[in-house]
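K.L.:
I have a structure here, written as structure tokens, and I will follow up with some questions on it.
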Amino acid sequence: MKKCQYERPLIQRLNVGLMNKFGTRTEYVPFTHIDGNSIKALLAAYGSPLFVISEATIRQTLRDAQRAFRTRYPKVQFAWSYKTNYLNAVCCVFHQEGSWAEVVSGFEYQKALKNGVPGNKIIFNGPDKTVGELELAIKNSSLIHIDHLDELYMLKELCMKLELKARVAVRVNMDTGVYPIWDRFGFNYENGQAWDAINKIMLSDMMDLCGLHCHIGTFMLTPSAYAVAAYKMADLALGVRQKFNRSIQYIDMGGGFASKNTLKGSYLPGVDVSPSFDQYAEAITTAILNAGFGESELPMIVLETGRALVDEAGFLLGTVIANKRLGDGRRATVLDFGVNVLFTSFWYDHKISPAQDFSRYTEDTVIFGPLCMNIDVVRENVPLPPLNRGDHVVVHTVGAYNLTQWMQFISLRPAVVMIDMNDQLHIIRERETMSSVEKDERLPDYLTGFKL
């Protein structure tokens, strides 16, 4: 009998993370197709990593949101939040479904105009509007949401110069019982700043006060906070009617609705704790309907929600580069995409699925990206089966903010494809190349020659 080589016993510390009442298994079948298209075929055709957008999911999600509000309130208008995802193809899907455009910069304003959105269907938010941008917005009859008094005075002066009236709204911040209060933007409700701005506008003959606007926070998990905000906005609108005999045309409740993502540190997955559109709609519409408006005076409700409408339509496909053991014994897997293109991994525990058959064994794994930075962590702890080099993975619910906050850092940014309603593929953003990255660079002549 052959004598086996002796290997001394090793005591290894196990790092299992927080206990999970749902167990360690999260996946039972591989995620192999998106809208009828094979993950393997997508990566073979367009390279890895790759963003995929499902047009069908966008349209269905928006229709669900519209149904939730329009069955409860007679006048509702959605406005697509460009900062959430301003790829033209994505924006135009929302516009085809009837959404206006909501922008927060001159850059986004120009994109909306280029996409064919009429000027009077563009809402211009944000604290940094230049004189040139405001002039363009005035001439296009866009809705300008005033953020601070300096902007109000600048706008009034510009209107006098142009001899044109501006269509405006006042942005209002308030205490809704959720802390910290988002009081950086707009005028405060409780201390009278909002009324100060309203009075200045109403007593000026150069601005037409069309609406009131608020945005109480981001990834809001408490629909009742919207009820508080809607009540206070309605109170302001009724006050304007009583004091100036003028009806407010619309109340813009902003965005902030949560998607089905899971926030870091959350005990339960996002799909179980994120409110539905019906819950948000019930809170907002009930508060306004009960505020005391006459039937003919009901203001239109405008909604600027972005994340909740597009997050689930986005997928990021990638490939395993390597596996290793960390110094403390934890299993680590390195993927070919990192936080430079998946910026939201800093605050979400994104669901990650294997895209091919896998074993029943799972192990808590750290998922790293390829960047030469220690912070390039896609998931700090996720139960996954062992993945081999060359295997593929799918990251879910990445349609919001990643394609506007991503950065060209160390690696080039991937292509983006959209799957249309007939399951056909369209490239909506090309993969970056060296020439596309360097096209705006200029090299002085005196630096063109050197010897090493």
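Every number here is computed from the coordinates shown, using simple stated rules; none is lab data. What you are looking at is a predicted structure, and each value in this text was computed from that prediction instead of being measured. Using ideal geometry, Cβ is built from the backbone for each residue, glycine included, and neighbour counts are taken over all protein chains shown.
K.L.:
Using θ = phi - 60° and the Karplus curve 6.51 cos²θ - 1.76 cosθ + 1.60, what whole-Hz ³J(HN,Hα) does each residue of segment 267-278 get, with Gly and Pro shown as x?
P.N.:
6, 9, x, x, 4, 8, 10, 6, x, 7, 4, 4
K.L.:
Compare the Cα positions of HIS396, GLY192, GLN279 along the charge dipole of the chain (+1 at Cβ of Lys, Arg; -1 at Cβ of Asp, Glu; about the Cα centre) and return the one farthest towards the positive end.
P.N.:
Value: HIS396.
K.L.:
If the only charges are +1 at each Lys and Arg Cβ and -1 at each Asp and Glu Cβ, what is the size of the charge dipole of the chain around the Cα centre, to the nearest 20 debye?
P.N.:
In debye, rounded to 20, the chain gives about 1100.
K.L.:
Under 17 Å between alpha carbons, and skipping anything fewer than 8 positions from LYS200 in its own chain: which aspartates and glutamates qualify?
P.N.:
Within reach: ASP147, ASP150, GLU151, GLU157, ASP208.
K.L.:
Taking neighbour counts of Cβ atoms within 10 Å as a proxy for exposure, in what order, fewest first, do GLU135, GLU102, GLU441, GLU108 appear?
P.N.:
GLU441, GLU135, GLU108, GLU102
K.L.:
Tally Lys and Arg at +1 and Asp and Glu at -1 over the other residues with C-beta under 12 Å from the C-beta of ALA322: what net charge comes out?
P.N.:
+2
K.L.:
If the only charges are +1 at each Lys and Arg Cβ and -1 at each Asp and Glu Cβ, what is the size of the charge dipole of segment 56-311 around the Cα centre, to the nearest 20 debye?
P.N.:
520 debye
K.L.:
So what are the ³J(HN,Hα) numbers for segment 382-387, from phi and the Karplus equation (6.51, -1.76, 1.60; θ = phi - 60°), rounded to whole Hz, Gly and Pro as x?
P.N.:
Result, rounded to whole Hz: 8, x, 9, x, x, 10.
K.L.:
Continuing with this model, one more query. Tally Lys/Arg at +1 and Asp/Glu at -1 over every other residue whose Cβ is under 12 Å from the Cβ of ILE53; what's the total?
P.N.:
My count for the surroundings of ILE53 gives -3.
K.L.:
Amide H neighbours of GLU363 under 5 Å, counting only residues 5+ apart in sequence or on other chains, H built in-plane at 1.01 Å?
P.N.:
LEU384
K.L.:
Would you list, by chain and number, the aspartates and glutamates whose Cα falls below 17 Å from the Cα of LYS439, excluding same-chain residues fewer than 8 positions away?
P.N.:
GLU430
K.L.:
Residue-wise, which Karplus ³J(HN,Hα) couplings in Hz belong to segment 254-261, taking 6.51 cos²θ - 1.76 cosθ + 1.60, θ = phi - 60°, and x for glycine or proline?
P.N.:
x, x, x, 4, 6, 8, 8, 5
K.L.:
Kindly express, to the nearest 10 degrees and within the range 0 to 90, the angle between helix 149-162's C-alpha long axis and the longest C-alpha principal axis of the chain.
P.N.:
60 degrees
K.L.:
Follow-up question, since we're still on this one. Enumerate the amide H contacts of PHE78 below 5 Å, restricted to partners 5 or more residues apart or on another chain; note that Pro and chain-start residues carry no placed amide H.
P.N.:
TRP100, LEU303
K.L.:
Using only helices, what value at 222 nm comes out for the chain when you add -39,500 (n - 2.57) per DSSP H run of length 4 or more and divide by the total residues, to the nearest 500 deg cm²/dmol?
P.N.:
Using -39500 (n - 2.57) per qualifying helix, the result is -8000 deg cm²/dmol.
K.L.:
Which entries in the list LYS75/LYS139; LYS75/LYS121; LYS75/LYS156 go over 21 Å, if you measure between the two C-alpha atoms of each?
P.N.:
LYS75/LYS139; LYS75/LYS156
K.L.:
Here is a follow-up. Sort MET206, MET174, MET233 so the one with the fewest other Cβ atoms within 10 Å of its own Cβ comes first.
P.N.:
Ranking MET206, MET174, MET233 by Cβ neighbours within 10 Å, fewest first, gives MET206, MET174, MET233.
K.L.:
Angle, helix 55-70 long axis vs. longest principal axis of the chain, Cα atoms, 0 to 90°, nearest 10?
P.N.:
With both axes taken from Cα atoms, the answer is about 40 degrees.
K.L.:
Now for a different question. Expressed as an acute angle from 0 to 90° and rounded to the nearest 10, what is the orientation of the C-alpha long axis of helix 223-244 relative to the principal long axis of the chain?
P.N.:
The answer is roughly 20 degrees.
K.L.:
Let me ask another. Counting other beta carbons within 10 Å of each Cβ, put TYR82, TYR267 in order, fewest first.
P.N.:
The fewest-first ordering by Cβ neighbours comes to TYR267, TYR82.
K.L.:
Another one. I'd like to compare 442-448, 350-356, 311-317: which one has the highest average count of other Cβ atoms within 10 Å, and what's the full order after that?
P.N.:
311-317, 350-356, 442-448
K.L.:
Straight-line reach only, C-alpha to C-alpha below 20 angstrom: list the aspartates and glutamates that LYS351 could link to, leaving out same-chain residues fewer than 8 apart.
P.N.:
GLU27, ASP35, ASP272, ASP311, GLU312, ASP336, GLU363, ASP364, ASP376, GLU380, ASP391
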